[in-house]
Amino acid sequence: MERSSALANLATTLLFCLAICSCAISISSAQASTNTEFIRTSCSKTTYPRLCYTSLSSHATLVQTSPKLLAGAALNVTLDKARSTSTMMVRLSRAQGMKSREVGAMRDCVEELSSSVDELRRSIGEMGEIKGSSNFGLIMNDVQTWVSAALTDENTCSDGFSGSMMNGNMKTVVRNEILTIAHLTSNALALINRYASLHG
Ligand SMILES: *[C@@H]1O[C@H](CO)[C@@H](O)[C@H](O)[C@H]1NC(C)=O
């Protein structure tokens with residue numbers, strides 16, 4: 001008799017845990033879908049919504065539904081991409097068999113990309129300096145200026161490239177990489193503008 005009541009107790013306890021657990025899981029999955037939906041909705045107002053969503057959806061847990069964190073994540077993703085492309089181009093420009101004119105176009109581009117990396121890094125630093133509403137407008141103004149400058153540098157780089165005499169394949173690869181950075185930057189700027197306007 002005693003044994004079966006112990007078993008019944010155990011079963012009750014197990015069922016209870018199971019209920020709490022599945023409830024917790026469904027709350028957290030509802031939360032996750034709210035977070036991804038926030039990114040999708042915010043991205044739909046950018047110029048390159050698909051790129052925006054694919055580049056940012058993996059940051060949903062961190063971003064949750066914060067326009068500030070979303071803008072920050074967009075800047076981080078853009079900076080990472082600009083850095084890695086810059087490294088790739090430095091490596092390419094040292095490759096054997098490139099004509100000096102091609103190397104020149106590549107070097108100019110690397111320099112412009114490196115300015116854009118600095119500007120993006122500075123913007124990320126500035127975003128971290130927001131202290132309530134006292135300096136919000138000033139900081140956001142700076143951030144918008146830096147990110148616009150980064151975008152200009154990237155466009156200069158990709159324009160210079162389309163005119164260069166580089167062999168077709170490499171030109172296409174490099175140009176596409178730079179266009180991706182410019183599109184990421186444009187999206188980040190849109191998300192920054194959105195965040196700024198929410199507080200304006
Ligand atoms: C951006 O990158 C910095 C440095 O890696 C990190 O500390 C921060 O959490 C990131 N911000 C977002 C919103 O992802």
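Calculation over all alpha carbon pairs of the stretch 49-200 in 10 angstrom steps from 0 returns a P(r) of 11, 40, 29, 15, 5, 0 percent.
In the full protein context, the chain carries 57 Å² of accessible surface per residue, based on a 1.4 Å probe and ignoring ligands, DNA and RNA.
Using Cα pairs under 8 angstrom and six or more residues apart, how large is the relative contact order of the chain, in percent? Rounded, it is 27 percent for the chain. Split the accessible area of the chain by element, probe 1.4 Å, and carbon with sulfur accounts for 57%.
A simple charge model with +1 on the Cβ of Lys and Arg, -1 on the Cβ of Asp and Glu and nothing else charged puts the dipole of the chain at about 380 debye relative to its Cα centre. Within the straight-line cut-off of under 20 Å between alpha carbons, the lysines reachable from residue 99 are 171, sequence neighbours fewer than 8 places apart in one chain being disregarded. In the chain, the calculated helix contribution to ellipticity at 222 nm averages -30000 deg cm²/dmol per residue, counting -39,500 (n - 2.57) for every DSSP H run with n ≥ 4.
The values are calculated or read from the model by the stated rules, or taken from the named source; none is laboratory data. Keep in mind the model is a prediction, meaning the values are calculated, not measured. Using ideal geometry, Cβ is built from the backbone for each residue, glycine included, and neighbour counts are taken over all protein chains shown. In case anyone asks, the SASA skips ligands and DNA or RNA and just uses the protein heavy atoms, side chains included. Shrake-Rupley method; radii C 1.70, N 1.55, O 1.52, S 1.80 Å.
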